[in-house]
Amino acid sequence: MRTHRALAVSAAVVAALSLAAPAAVARDGMNVNPSNIVALPSVIARGGQLTITVDGCPMGGTATSDAFAPTPLTPVTGTQTAKGTATVNRNARNGSHSITVNCSGKSLTNPAAFTVIGGVQGGLGGSSSSGATPTDMAIGGGLVAAALIGGGVFWMRRRSEKRI
């Protein structure tokens, strides 16, 4: 009878430990499996702030990209998610960029996480050329010539009126 009781108690202990083990592993960071890297907004101008969210990263980690400096990801309380805010470099190239996340030694890359767009040149009407074109120079030269001729005619008329 004692053998059956000892066997039953041992089985109950093993069952209780096997149920508690996955929770303990998750708390220790052994069950880290980063997934679902989301960058919002997905289209951003240079110098803008990007919010990065990663599932399966309960201890936090680091997000890196060629468009921004390495950014710490902090755990979101009560979830398996980590979140961080990155500022896109002012000299980042236009186009699609990847984000690589490192959580407790495990890495995941989203190859097309966000897109950087270039802004227009303010005050120039969206122009992408630099400097004056030959047409601009001709128009400007014509206006200056018309102003000089008009001013000379006006001055000459005023001068002749004084003699009369």
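The values are calculated or read from the model by the stated rules, or taken from the named source; none is laboratory data. In this text, all values refer to a predicted model and were calculated from it rather than measured experimentally. Protein only, heavy atoms only, side chains kept; ligands, DNA and RNA dropped before computing areas. Shrake-Rupley method; radii C 1.70, N 1.55, O 1.52, S 1.80 Å.
Distant-in-sequence amide contacts of R46, defined by a placed amide H-H separation under 5 Å and a gap of 5 or more residues or a different chain, comprise I117, G119. Each of T53, T109 has its accessible area taken with a 1.4 Å probe; listed largest first, they run T109, T53. The figure for S104 is an accessible area of roughly 70 square angstrom, using a 1.4 Å probe on the protein chains alone. HN-Hα J couplings of the stretch 82-92 from phi, Karplus 6.51/-1.76/1.60, θ = phi - 60°, integer Hz, Gly and Pro as x? Using θ = phi - 60°, the values come out as 10, 9, x, 10, 10, 9, 5, 4, 5, 9, 5 Hz.
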